[in-house]
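*Asks:* Following this message is one structure expressed as structure tokens.
The values are calculated or read from the model by the stated rules, or taken from the named source; none is laboratory data. Owing to the predicted nature of the structure, the values given are computational and were not obtained by experimental measurement. Backbone-built Cβ (ideal geometry, glycine too); neighbour counts: all protein chains shown.
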Amino acid sequence: MATDPWLPVAHRVRRRRVETKDSATLVLAPVADRLPVFRPGQFAMLYAHGIGEVPISISDIPAGGVLVHTIRAVGAVSRALHSAEPGAVLGVRGPFGTAWDVDRAEGGDLLLVAGGIGLAPLRPALRHALEHRSSYRRVTLVVGARTPSDLLYDDELRHWDSLADVDVVVTVDHAADGWTGRVGVVTEPLASIPLDATRTTAMLCGPEPMMRYCARTLLGRGVPDEGVQVSLERNMQCGTGVCGHCQLGPLLLCRDGPVVDLPVATPLMLVKEL
Amino acid sequence: MTSAPMTELDGLPLLAGLSHDQRAALAGIARHEDYEPGARLFEEGRLADRCWVVTAGCAVVDTDIPGRGRTVVQSVGPGELLGWSWLVPPYRWHFGASIAAPTSAVVVDALDLRRLADADPVLGYRMSRILVEALLNRLQATRIRLLDLYRHPDGD
Amino acid sequence: MVIPNSTNGLGDAVLDLDGLDALIGALRADGHLVIGPVLRDNAITLAEVESVVDLPAGWGVDAGPGRYRVRRRSDDAVFGHSAGPQSWKSFLHPSRRTLVSSDSGGFHVPDEPAAKYAFLGARACDIAAIAKLTQVLRSTGRTPFVVAAQCTEPGEVCFCASMRTGPAVESGYDVALTERIDDEGHRFLASAGTPAGAALLARLPGRAAQERDVVLAESDVAAAADRMGRVMPEVDLRALLAASRDSAHWESVAQRCLTCGNCTMVCPTCFCATTEDVTDLSGGHAERAQRWASCFEIDFSGLHGGAVRTSGASRYRQWMTHKLGTWHDQFGTSGCVGCGRCIAWCPVGIDITAEAAALTDLLGGRP
């Protein structure tokens, strides 16, 4: 059935969980029709009635067409989505974009590096790795946040940290009272965590400069650039490659991204105002 | 207080640029220390006379701010250097430091380090290179933190 | 009389003005909304045409960088003009259209019947543009019936030949007309490009084409290829633009470019659009609409409260690089058809072919 690509599909907020002072996770259940299955790294266009649409990465993929999105309130639309209460109906279009190449990492080490809200798009990749744990050798998650209260999924972080076969490193830019963990930017642990460079697949997600600096650190340790993926972001409106807003040089990020291999991304990230 | 075993120094990426003999020379003046959480390594203003390489656990650099209390500015994890003020006059610590988790470290007295460098200028030069690179990495990381990349677009 | 069928090449029939009028009439009788050139507000724009008298007979244009004036011709040619401010994209990709509405009953797409257009007087460059637009947008409504006008008189800003999109139309049309005015009268060689075009011609009054008519028409179009107003440098433009990302040249264009976006409005392939959301006062009914956007708009690349491309240099670079370079990466073809509208309608007369030549020179001629 060929539906109009602009037609949102109704989803009801089943649950809302506050993550930090400006972000919340919504669990959305299809009202009737389901969307195709999302893959880690892909995004949906979430529509708040009368206000607008924004691209939000999928942050968990349970069964039954249920969608989980973590939303940071940074503009009019995301503020409306962020404050949507259980029972509210949102429009969803998707899945759009490219996925984290979890298959490429099989047989080797998986390193996930998340900065700030960047943990949200990486969480489904980590869950996938944990569900197929024997397909990977070392699995490492490095998380950076502004302050301890800005960390997403804190109970899950603690759970992952407790697992014997996952290494979790958490660091914050600014400590708070009672914080006994690392204080510093994500590139610092990347410089010294145990790493088998040539068998590592790294997936980086966070503010663009953070990904650039992390990539540089990893390349400096011998990780080949083909082994690194980043998640890039630009203004997105249609999600289907017809509005032109999400261009980054030769890429249409809604179609050729957001997940982009580092050899393609690096020259583009280095051009000012591209 | 025990001598730092060669295996401990051999396992440090920080010292990978040194030859076996050079690492052995360092081992001669280094010692292994274990610390419990809460232990205080140095205080702001006191004489800065040694440096640490953390091999496991976590040390933190802090300062006291009236009204905010003791505030951590930086953590130092496995493979990283703690303590720089011994390098330049007036050889006084600029910050304080304590231990945040059960920690092991290799410790070297500044005086012993300077004597070793004077006696073996080649080793001294190599160690300077190591220190400069570690300092540069710390500087760049600090600059990245100053960018406040995760802040809300509205500024707060 | 019945015009013999022929499905390709020039040489089906010769129509006079009455024949052209009959062509328009037949298309209208078939339920088409016929759009063609009309003289309006001192420009040759595109609007509904009801008969041959609506066409801008005897009007030509004088175009150049930053310049477009209609002028009286010495003959009564109806297709003797180029580089008008509008292109067929206005009909295939409307400047504003409602996408979705939402209310308590759910989300709905508008249920308007697609218009049935016939385009009269589309040039080779226009037809190439229609194909590119259709490829990018993947849906441009009902396929229009296309009556092409072969170019025999390129304008001063035209460079379709060096973009390999003209002056001859070779495909993408139902009927192609080549206008000629000489001692034998004002007539059009009409050839069919599709069975639908042949079927239409078969209903029109006219005479069968002779070899002489075909030879004259072909040589008129071939001569046009040698009289282009300008040329794009003969280099790999995709490689040129990719190598020029950090060129100092963009700053020099920025000294002149007003970032007004005229070029994107008149360009027949510029497709960028922005979505807008409105609600009624009660908030119960909301609509999402799409309107033309331009990469020159200051917030086109808005992200996290600021735009990625704020400088004029970066925005001009984006437009030109996309048009000539990254369009290849995204869609497998060039985005430019050589119509020259951007040159005429730029208030400061920036010439995309001159800028490409400047970039080529800066790279030593070899991108």
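*Asks:* Look at segment C:260-274 and say how many of its residues are at the interface with another protein chain (Cβ under 8 Å from one of its Cβ atoms) and either under 20 Å from A:E273 (Cα atoms) or outside any loop (DSSP other than H, G, I, E, B) (or both).
*Replies:* 3
*Asks:* Is there a residue in segment A:92-105 that is of a type in the set (F, W, Y), over 18 Å from the mean Cα position of the chain (by Cα) and more than 14 Å from A:H69 (Cα to Cα)?
*Replies:* no
*Asks:* Among the listed residues A:P194, A:P207, which satisfies the condition of being in contact with a Leu (Cβ under 6 Å, 6 or more places away or on another chain) and either of a type in the set (A, V, I, L, M, F, W, C) or surrounded by fewer than 24 Cβ atoms within 10 Å (Cβ to Cβ) (or both)?
*Replies:* Exactly one residue qualifies, and that residue is A:P207.
*Asks:* Being assigned to a helix (DSSP H, G or I), surrounded by fewer than 22 Cβ atoms within 10 Å (Cβ to Cβ) and over 16 Å from the mean Cα position of the chain (by Cα): is that true of C:A313 here?
*Replies:* No: the conditions fail for C:A313.
*Asks:* Here is a follow-up. Within segment C:217-225, does at least one residue satisfy the condition of being in contact with a strand residue (DSSP E or B) (Cβ under 8 Å, 6 or more places away or on another chain), among the β-branched types (V, I, T) and under 26 Å from C:D62 (Cα atoms)?
*Replies:* yes
*Asks:* In segment A:39-54, what residues are more than 18 Å from A:A88 (Cβ to Cβ) and surrounded by fewer than 24 Cβ atoms within 10 Å (Cβ to Cβ)?
*Replies:* A:R39, A:Q42
*Asks:* It is to be established whether one or more residues within segment C:283-303 are within 25 Å of C:T360 (Cα to Cα) and among the hydrophobic types (A, V, I, L, M, F, W, C).
*Replies:* yes
*Asks:* Sticking with this structure for a sec: Do any strands (runs of 3 or more DSSP E) lying entirely in segment A:1-95 carry at least 2 residues that are β-branched (V, I, T), and which ones are they?
*Replies:* A:9-20, A:23-30, A:52-57, A:67-72
*Asks:* Condition check: surrounded by 15 or more Cβ atoms within 10 Å (Cβ to Cβ) and within 12 Å of chain A (Cβ to nearest Cβ). Does B:A110 satisfy that?
*Replies:* When the stated conditions are applied, B:A110 does not pass them.
*Asks:* Do the conditions hold for A:D165, that is, is it farther than 25 Å from B:R143 by Cβ, more than 14 Å from chain C (Cβ to nearest Cβ) and surrounded by fewer than 24 Cβ atoms within 10 Å (Cβ to Cβ)?
*Replies:* Judged against the criteria, A:D165 is a match.
*Asks:* Those residues that are more than 27 Å from the chain's Cα centre (by Cα), surrounded by 14 or more Cβ atoms within 10 Å (Cβ to Cβ) and part of a strand (DSSP E or B), I need them from segment C:275-304; list them, please.
*Replies:* Listed by number, the residues that qualify are C:D277, C:T279, C:A286, C:E287, C:R288, C:G302, C:L303.
*Asks:* Provide a single number: the residues in segment C:35-66 that are of a type outside the set (A, V, I, L, M, F, W, C), buried (at least 20 other Cβ atoms within 10 Å of the Cβ) and in a strand (DSSP E or B).
*Replies:* Within segment C:35-66, residues that are of a type outside the set (A, V, I, L, M, F, W, C), buried (at least 20 other Cβ atoms within 10 Å of the Cβ) and in a strand (DSSP E or B) number 3.
*Asks:* Also, quick follow-up: Tell me yes or no: at least one residue of segment C:9-31 is within 30 Å of C:A273 (Cα to Cα) and outside any loop (DSSP other than H, G, I, E, B).
*Replies:* Checked against the condition, which is being within 30 Å of C:A273 (Cα to Cα) and outside any loop (DSSP other than H, G, I, E, B), segment C:9-31 yields no hits at all.
*Asks:* Does segment C:129-144 contain any residue that is farther than 25 Å from C:G340 by Cβ and in contact (Cβ under 8 Å) with a residue 60 or more places away in the chain?
*Replies:* No, segment C:129-144 contains no residue that is farther than 25 Å from C:G340 by Cβ and in contact (Cβ under 8 Å) with a residue 60 or more places away in the chain.
Yes/no matrix, rows are residues, columns are (1) modelled with pLDDT under 95; (2) within 14 Å of chain A (Cβ to nearest Cβ); (3) exposed (fewer than 13 other Cβ atoms within 10 Å of the Cβ); (4) more than 26 Å from B:A56 (Cα to Cα):
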position	(1), (2), (3), (4)
B:P78	yes, yes, no, no
B:W84	yes, no, no, no
B:P90	yes, no, yes, yes
B:G96	no, yes, no, no
B:D118	yes, no, yes, yes
B:R143	no, yes, yes, no
B:H152	yes, yes, no, yes
B:D156	yes, yes, yes, yes
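*Asks:* Among the residues of segment C:65-89, how many are in contact (Cβ under 8 Å) with a residue 60 or more places away in the chain and on the phi < 0 side of the Ramachandran plot?
*Replies:* Number satisfying all stated conditions: 17.
*Asks:* Taking the residues in segment B:26-55 that are more than 13 Å from the chain's Cα centre (by Cα) and part of a strand (DSSP E or B) as candidates, determine which candidate is farthest from the other protein chains (Cβ to nearest Cβ).
*Replies:* B:L47
*Asks:* Pairs only if they're at least six apart or on different chains, beta carbon under 7 angstrom, first in segment B:90-110 and farther than 20 Å from B:T63 by Cβ, second at pLDDT below 95 and among the aromatic types (F, W, Y); list them, first residue then second.
*Replies:* B:A110/B:W86
*Asks:* Please go through segment C:340-356 and give me each residue that is more than 23 Å from C:C151 (Cβ to Cβ) and in a helix (DSSP H, G or I), ordered by number.
*Replies:* C:E355
*Asks:* List every residue pair whose Cβ atoms lie under 6 Å apart, where the two residues are 6 or more positions apart in sequence or sit on different chains, the first residue falls within segment C:308-336 and is more than 7 Å from every other protein chain (Cβ to nearest Cβ) and more than 22 Å from C:C125 (Cβ to Cβ), and the second residue, located anywhere, is outside any loop (DSSP other than H, G, I, E, B) and acidic (D, E).
*Replies:* C:A313/C:E251
*Asks:* Are there any pairs with C-beta distances below 6 angstrom linking a residue in segment C:10-22 that is closer than 17 Å to C:A57 by Cα to a residue that is modelled with pLDDT of 95 or more and β-branched (V, I, T), with the two at least 6 apart or on different chains, and if so which?
*Replies:* Close Cβ pairs satisfying both conditions: C:L17/C:V52; C:L20/C:V52; C:D21/C:V52.
*Asks:* Next question. Any chance you could count how many residues in segment A:247-274 are crowded, with 24+ Cβ neighbours inside 10 Å and facing chain C (nearest Cβ under 9 Å)?
*Replies:* Residues in segment A:247-274 being crowded, with 24+ Cβ neighbours inside 10 Å and facing chain C (nearest Cβ under 9 Å): 2 in total.
*Asks:* When C:T165 is evaluated against the numbered criteria (1) surrounded by fewer than 19 Cβ atoms within 10 Å (Cβ to Cβ); (2) at pLDDT 95 or above, which criterion, by number, is the only one it fails?
*Replies:* Failing condition for C:T165: (1).
*Asks:* Please find, among B:A101, B:A134, the residue that is within 12 Å of chain A (Cβ to nearest Cβ), in contact with a Cys (Cβ under 7 Å, 6 or more places away or on another chain) and aliphatic (A, V, I, L, M).
*Replies:* Selected residue: B:A101, the only one of B:A101, B:A134 that is within 12 Å of chain A (Cβ to nearest Cβ), in contact with a Cys (Cβ under 7 Å, 6 or more places away or on another chain) and aliphatic (A, V, I, L, M).
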